[in-house]
Amino acid sequence: MKIGILSRKIGLYSTRRLKEAVEARGHEAIVIDHMRCYMNIMSHKPSIHYGGKSIDDLDAIIPRIGASTTFFGTAVVRQFEMMGVYSINESVAISRSRDKLRALQLLSRKGIGLPITVFGNSKINVDDMIEMVGGAPLVIKLLEGTQGIGVVLAETNNAAESVINAFNGVRANILVQEFIQEAKGSDIRCFVLGNKVIAAMQRVAKEGEFRSNLHLGGTAQVVKLTPEERSTAIRSAQIIGLNLAGVDIIRSNHGPVVLEINSTPGLEGIEKITGKDIAGHIVEYIEENAEKGKTKTKGEG
């Protein structure tokens, strides 16, 4: 097989590991900077050009599209889908995952446990918004934020009001969520592939920090999931439509609640903590599922 890895930089750990895994299993890997692609969208013969040449011989693609390039990146994935190329994550599912509000609404409709979450615009009643999530401490998130950026813990109602008003002053879209105190600054990253959780790690925030992201100084360890946590992670990925996902959950007093679903989960932390060949599992999944024209949406949505 010839497998394309859509990534801005070949030197990134996840990109490098995927390329190694593709080649280790006897396939050809090509790393494509999706932001340098250009497309002919004619109906009878859609095509993608890269580096002055047409890319028309790929069997499958693995999108590694960052949040800042979602619009153009998903357009490239959609174009490959129109050409009949299998994508492990389809364009419409990636778009759903990147729209935090849309993702939470889809999960809520299917009964997935979530933190109490409120969304509004600059005309909201701030006091009522704070009361709806149970008051401070509470978490305020920018809709467009990633990797813990744009996430603020407000420890008092006055602090929450100031932060919300500040975000509203620059017309930022925000979510206000209850703070799950019993989690004690930890969450669980579940790595979902198809209908299985193939790896999981518990991340703990460094002292004085409530965000557990590893790049912010958090630590991680292997964790054993409960059947409910495993089911929640798998169902969440399936609701969004992702075959490959990092599902972040918190252990609350009323069961697992989903914080976020990542369509481009990093491999470095999960591979090093668990010792598992996650990249190899991804390639194996593509071997078992990639068929020309198998993309469900055929570039729609």
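Results, tabulated for the structure shown:
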read-out: Net length gained if the chain between Glu284 and Thr69 were fully extended (0.36 nm per residue, minus Cα distance); value: 74.7 nm
read-out: Estimated dipole of the range 2-150 in Debye, rounded to 20 [Cβ of Lys and Arg +1, of Asp and Glu -1, Cα centre]; value: 160 debye
read-out: Rounded, prolate or oblate (a/c below 1.5 giving rounded, otherwise prolate when a/b exceeds b/c) for the chain by Cα gyration tensor; value: prolate
read-out: Label zone at Lys272, where the point sits 7 Å out along the Cα-to-Cβ direction: the range 1-42 residues whose backbone N lies under 12 Å; value: 13-14
read-out: Charged-residue dipole, Cβ positions (Lys, Arg, Asp, Glu), the chain about Cα centre, Debye nearest 20; value: 560 debye
read-out: The range 1-21 versus the range 223-291: alpha-carbon centroid distance in Å; value: 19 Å
read-out: Sorted peptide list for 163-169, 41-47, criterion being average Cβ within 10 angstrom, highest first; value: 163-169, 41-47
read-out: Using alpha-carbon coordinates, inclination of helix 13-24 to the longest axis of the chain, degrees; value: 30 degrees
read-out: Rounded to 10°, Cα long-axis angle of helix 70-82 versus longest principal axis of the chain; value: 40 degrees
read-out: Alpha-carbon centroids, the range 175-199 and the range 50-102: separation in whole Å; value: 25 Å
read-out: Cα→Cβ-extended label distance, 7 Å offset, between Asp33 and Asp99, nm; value: 3.0 nm
read-out: Assigned charges on the beta-carbon of Lys, Arg, Asp, Glu; the range 117-179 dipole about Cα centre (debye); value: 260 debye
read-out: Angle in degrees between helix 227-240 and the longest Cα principal axis of the chain, rounded to the nearest 10; value: 60 degrees
read-out: Rounded if a/c under 1.5, otherwise prolate or oblate - the range 44-110, Cα gyration tensor axes; value: prolate
read-out: Value of D in µm² per second that Stokes-Einstein yields for the range 178-288, Kirkwood Rh from Cα pairs, at 4 °C (1.567 mPa s); value: 92 µm²/s
read-out: Histogram of C-alpha separations across the range 2-89, 5 Å bin width, %; value: 3, 15, 27, 27, 19, 7, 2, 0
read-out: Over the range 2-89, relative contact order from alpha-carbon pairs under 8 Å, at least 6 apart, %; value: 32 percent
read-out: Segment Met1-Ala24, length gained on full extension (0.36 nm per residue, minus Cα span); value: 7.1 nm
read-out: Spin-label model distance (nm) - Ser47 vs Thr219, 7 Å beyond Cα toward Cβ; value: 5.6 nm
read-out: Within the chain, helix-based [θ] at 222 nm, where runs of 4 or more DSSP H residues each add -39,500 (n - 2.57), nearest 500; value: -9500 deg cm²/dmol
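Only the coordinates and a few stated rules stand behind these numbers; no lab work does. Note that this is a predicted model, so its numbers are computed, not measured. When we count neighbours, we look across all protein chains shown, and the Cβ atoms used for this are built from the backbone with ideal geometry, even at glycine.
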